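The values are calculated or read from the model by the stated rules, or taken from the named source; none is laboratory data. Since the structure is predicted, the reported quantities are computational estimates derived from the model, not experimental observations. With ideal geometry, Cβ positions are generated from the backbone for all residues, glycine too; neighbour counts draw on all protein chains shown.
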Amino acid sequence: MPRAKPVKVKTKQAKPAAAVHATRVEKDTMGEMPVPADVLYGASTQRAVLNFPVSGRPLPFGIIQAYALLKSACAAVNLKLRRLDKGRADGIARACDAIYAGLPDHGGWAKHFPVDVFQTGSGTSTNMNANEVIANLICLARGAHIGASKDAAYLKAGGVHPNDHVNMGQSSNDTFPTAIHVAAALSIREQLIPALKRMHKQLDQQAKAWDRIVKIGRTHLQDATPIRLGQEFSGYASQVKHGIARCEQAIEALAELPIGGTAVGTGINAHEDFDRLVCSQLKKATGIPFRAAANHFEAQHAKDACVEAAGHLKTIAVSLSKIANDIRWLGSGPRCGIGELVLPAVQPGSSIMPGKVNPVICESLIMVCCQVIANDAAVTYAGFGGVGSLLDLNVAMPLIAERLLESSTLLTNASVMFTDNLLANLRPDEARCAGLIESSLAMCTSLVPVIGYDKSAGLAKQAFKEGKTVRQLALETLVGTPDLAGKAMTRDALAAALDPWSMTLPGGEGSAGG
């Protein structure tokens, strides 16, 4: 994978002779261009390599695979529409299959798709990169030399031209946003949703297994009324379940494709049925219900669907950050913190403090969530009017592509990590949970319906002042005194009112008055 060029430092030592790389000469509409001899791209791609030495990061392979799916679908449709002959259409399909597989017979995909993320904002360089690689793969398959796709004799004999055949009925302006949608939808469906389903299953199992464990609740980081550990984990499971639904909503937004709008949405040079037929082909290839854009001008001039999808991923990140941080807090200690959960020890926590174990899996997930939120901001600004979206085209699409796919990938990997390396081996400290409940002053809440709010508050303050539990002080001072109904309180009545389990049930003791 290309890397950013290091800063050169001048020294007085003699410089070594520069390595000589074999090149071939290719042509495009701007003239001749030396191209590395062992790559499958041509002059247009090489110009982009020279023009954009910015980050050293090519677009994610998911975008390249989406282009392979798209170009193959377009060729199949052009064959059906009798605009492309069978030999050329089949050649394009076979080349696209090789690209989708990662070009294993040609040294991998990265060296053949080197264009930097920070390239032309429409993704034209990547579209031409795909066109050139496909055309050159067909050259090799036909026994011709790389670059023969511009030779008149080769083309007359059935060869494939990168623009006239591979790009038939298409523009960078509709293929690149379509590739974003296809790649992101596939990533979310094939990777992120399964990862979230695994996490949801684990959390749901723990919610059920730990439903009998009563612990103290906390609001504002202060003691609150009791809650069951299973109830807390059911909340986490529900957050992840909602996240899965948000993934489906993101796919629904992304399933509307801009293909067929060509340059500005008018569909110039494309058959009137091209958009519908290509979407049908992609649906058949992927199982995702892709559909043609209801309005090609909206679909190409704006990137609202991508912004929406990024927003859903951001929301998932916020949910996961809540879960990870709660578990980090509940596992704090082991002796001087909350300590209601025992986090698995996965690595030493300190280079200076022996025996220390830190919540590193939680920290890793939370950092991922921060990055996903930053990615959402980048996608938002890339779609912003006057920044990326300008009149009849968005010109920040490569950035959108990279950030959107990275968010999906990061959330996928981090979810699997969190499930396997933390949740699967997480366990509760039941004794600690019970002990903290009994010592909590919030236990007085269940006495409000019995003795009133003011008297309950006074009891809590006195218990704190005397270093006693609410139960202990209540039994010492309230037995035999009248309750709000005028009845003398008994030890059994106070025990029932102070039963932590009943406080976790709707309508249980202490529920009156909220």
Checklist line | Test set (1) closer than 16 Å to Pro500 by Cβ; (2) of a type outside the set (Asp, Glu); (3) in contact with a strand residue (DSSP E or B) (Cβ under 8 Å, 6 or more places away or on another chain) - Arg427 fails condition number | finding: (1)
Margin query: Condition first: surrounded by fewer than 19 Cβ atoms within 10 Å (Cβ to Cβ), among the aliphatic types (A, V, I, L, M) and assigned to a helix (DSSP H, G or I). Now tell me which residues in the range 353-374 satisfy that.
Written below: Val360, Met367, Ile373, Ala374
Checklist line | Residue satisfying all of: in the range 38-55; in a loop (DSSP other than H, G, I, E, B) and in contact with a strand residue (DSSP E or B) (Cβ under 6 Å, 6 or more places away or on another chain); surrounded by the fewest Cβ atoms within 10 Å (Cβ to Cβ) among these | finding: Val54
Item checked: Only one of Ser332, Ser407, Ser319, Ser350 that is surrounded by 24 or more Cβ atoms within 10 Å (Cβ to Cβ), hydroxyl-bearing (Ser, Thr, Tyr) and in the same structural domain as Gly243 (by TED's automatic domain parsing) -> Ser407
Check: Does at least one position in the range 424-447 carry a residue that is assigned to a helix (DSSP H, G or I), crowded, with 18+ Cβ neighbours inside 10 Å and free of Cβ contacts under 8 Å to residues at least 60 places away in the same chain?
Finding: yes
Next item on the list: Considering only the range 258-276, state which residues are farther than 16 Å from Asn167 by Cα and either part of a helix (DSSP H, G or I) or in contact with a Lys or Arg (Cβ under 8 Å, 6 or more places away or on another chain) (or both).
Entry: Arg276
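Take the conditions more than 20 Å from Ala179 (Cβ to Cβ) and surrounded by fewer than 21 Cβ atoms within 10 Å (Cβ to Cβ) and apply them to Ser238. Does it pass?
The answer is yes for Ser238.
Results for (1) in the same structural domain as Thr412 (by TED's automatic domain parsing); (2) among the hydrophobic types (A, V, I, L, M, F, W, C); (3) under 30 Å from Val395 (Cα atoms), shown as yes or no for each residue.
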| residue | (1), (2), (3) |
| --- | --- |
| Ala95 | no, yes, yes |
| Ile99 | no, yes, yes |
| Asn127 | no, no, yes |
| Ile138 | no, yes, no |
Next item on the list: Could you list all residues from the range 247-286 that are closer than 26 Å to Gln205 by Cβ and either crowded, with 20+ Cβ neighbours inside 10 Å or of a type in the set (Phe, Trp, Tyr) (or both)?
Entry: Cys247
Check: Which of the residues spanning the range 248-282 are hydroxyl-bearing (Ser, Thr, Tyr) and on the phi > 0 side of the Ramachandran plot?
Finding: Thr262
Checklist line | helices (runs of 4 or more DSSP H) contained in the range 83-194 and holding at least 3 residues within 30 Å of His312 (Cα to Cα) and touching a residue at least 60 places away in the same chain (Cβ under 8 Å) | finding: 124-141, 172-187
Checklist line | Search result, residues across the range 76-114 that are surrounded by 17 or more Cβ atoms within 10 Å (Cβ to Cβ), within 16 Å of Lys284 (Cβ to Cβ) and within 31 Å of the chain's Cα centre (by Cα) | finding: Ala93, Cys96, Tyr100
